[in-house]
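Here the structure comes first, spelled out in structure tokens, and everything after it is commentary.
The values are calculated or read from the model by the stated rules, or taken from the named source; none is laboratory data. If you're wondering where the values come from, they're calculated on a predicted model, not measured in any experiment. Cβ placement follows ideal geometry from the backbone for every residue including glycine, while neighbour counts extend to all protein chains displayed.
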Amino acid sequence: MKQQLEAIKLAAVEAINTASDEKAIEEIRVKYLGKKGELTAILKQMGSLSPEERPVMGQLVNEAKQSVEELIAEKKAELSAAATLQKLKDETIDITMPAKTAKVGKIHPLNSVLDDMIDIFQSMGFDVVDGPEVETDYYNFECLNVPADHPARDMQDTFYLGENLLLRTQTSAAQIRTMETRKPPIRVICPGRVYRADEVDATHSPVFHQIEGLVVDKGITMCDLKGVLEQFAHEIYGKDTKVKFRPSFFPFTEPSVEVDVSCSECGGKGCRVCKGSGWIEILGAGMVHPSVLKCCGIDPEEYSGFAFGIGLDRLTTTRYKISDIRLLFENDKRFLEQF
């Protein structure tokens, strides 16, 4: 039995020394120390020994078990340390390697033009105000002198959310709110998103952007409107840009005008961009209708004013020579990286 015990111990030591991972160590532990292990089996044979031999043999078996357990614990610690070192080696970062280039975002062309416009009008004394995108019929149409039978009220042009709620079709609604809460003199611009039920194509979108301007004070005339818009056009398109005012009609202004600028692509000679006319329409404007002033509690006999509405999307596409308005909304990185 002693020889058998010694052979088992030597075999266990050799197996432990050659084990390559913790799984192999666990298999060795079960083989020699488990309930059905070889050293456990020796203990079960103790009953066949004489009373004098049992304590001696029992001590030898226990010493063998303790020795194997210690060797297993040492091997486990060794394998664990080796695994940790290998993991650290695998995860080592070479600090001498060049760093990855950090991608930096770009200002969207719409925001770039908007920031420039805000700077221009603030330099002329305008404040920036905002209004809700979900508006009532009163602010979007009624107080802007748009009668109930006006085509703009048709469901095909306006997104209605209820009997009296809609997505604003123009930022002019913010002007009404401003005139209700401020006393003249008033000089504000109102940038923001607006919504109309248009088909999506290269020049139209159901969501687009406007900037409304409003000035109300004593003695305001068309000359003041003309001076502000000419200054704006020169700041945006250059000092050599020509500005043309054409008679038009808007329910909330009287008289009303459309404002064109000489084509920046051809200098007014006529090209594909301006469709051969030499001019590009950029905004509508006019003197605030007396009915609008009355609706806001402002006496039209004492005060007058002018208003203008600029399409930010059209201004952006003409400034950067963008052929399709949809590019402004698609968030294509290849497009945005050009600005």
Output for region 63-117, where each listed residue is assigned to a loop (DSSP other than H, G, I, E, B), of a type in the set (D, E, K, R) and under 30 Å from LYS23 (Cα atoms): GLU91
Among the residues listed as GLY278, GLY238, GLY213, the single one being more than 34 Å from the chain's Cα centre (by Cα) and either assigned by TED's automatic domain parsing to the domain that holds ILE176 or over 27 Å from ILE325 (Cα atoms) (or both): GLY278
From ILE310, ILE280, residue being assigned to a strand (DSSP E or B), modelled with pLDDT of 90 or more and either of a type outside the set (S, T, N, Q) or closer than 24 Å to GLY238 by Cβ (or both): ILE310
Search result, residues across region 135-159 that are surrounded by fewer than 14 Cβ atoms within 10 Å (Cβ to Cβ) and at pLDDT 90 or above: TYR138
Evaluation of GLN175 against (1) outside any loop (DSSP other than H, G, I, E, B); (2) touching a helix residue (DSSP H, G or I) at 6+ places or on another chain (Cβ under 6 Å); (3) under 27 Å from THR316 (Cα atoms); (4) not basic (Lys, Arg) (one fails), failing number: (2)
Pick from region 196-243, criterion surrounded by fewer than 16 Cβ atoms within 10 Å (Cβ to Cβ), out of contact with any strand residue (DSSP E or B) (no Cβ under 8 Å at 6 or more places or on another chain) and small (Gly, Ala, Ser), ranking: nearest to PHE329 (Cα to Cα): ALA202
Qualifying residue in region 287-295 (condition: part of a strand (DSSP E or B), assigned by TED's automatic domain parsing to the domain that holds LEU114, more than 30 Å from ILE107 (Cβ to Cβ) and among the hydroxyl-bearing types (Ser, Thr, Tyr)): no
Extreme residue, farthest from VAL134 (Cα to Cα), among residues of region 157-186 that are touching a Cys at 6+ places or on another chain (Cβ under 7 Å) and of a type in the set (Val, Ile, Thr): ILE176
